[in-house]
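Mind having a look at this structure? Questions to follow.
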Amino acid sequence: MKGKIALNTLYTLCIFGCLVLAYTGITDKRYEYIAAAVFGGVIFVVLKIRLLKEVRGTLKP
């Protein structure tokens, strides 16, 4: 369970990093930054949702 908590924290930090990268891309008009942030953000959100569903499944009796 500790590993899943650490993985969830890592996913959250990566999502936050993608948001910061997207903001930087918007302010500097660097569209490749925005594309990378959106692509990475979608991947990390999907992975986080899958992890949360897996954890919920293990907690139910």
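The values are calculated or read from the model by the stated rules, or taken from the named source; none is laboratory data. Since we're looking at a predicted model, the values are computed, not measured. Ideal geometry is used to build each Cβ from the backbone, glycine not excepted, and the neighbour counts take in all protein chains shown. What goes into the accessible areas is simple: the full protein's heavy atoms, side chains included, and nothing from ligands, DNA or RNA. Shrake-Rupley method; radii C 1.70, N 1.55, O 1.52, S 1.80 Å.
Only one of Lys53, Lys29 is of a type outside the set (Ser, Thr, Tyr) and on the phi > 0 side of the Ramachandran plot. Can you tell me which?
Lys29
While we're on this one: Can you name every residue in the stretch 31-54 that is surrounded by 14 or more Cβ atoms within 10 Å (Cβ to Cβ) and touching a helix residue (DSSP H, G or I) at 6+ places or on another chain (Cβ under 8 Å)?
Within the stretch 31-54, Tyr33, Ile34, Ala36, Ala37, Val38, Gly40, Gly41, Phe44, Val45, Leu47, Lys48, Leu51 qualify.
Can you find, within the stretch 4-30, the residue that is most open to solvent (accessible area, probe 1.4 Å) among those that are touching a residue at least 24 places away in the same chain (Cβ under 8 Å) and among the β-branched types (Val, Ile, Thr)?
Checked the stretch 4-30; the qualifying residue most open to solvent (accessible area, probe 1.4 Å) is Thr12.
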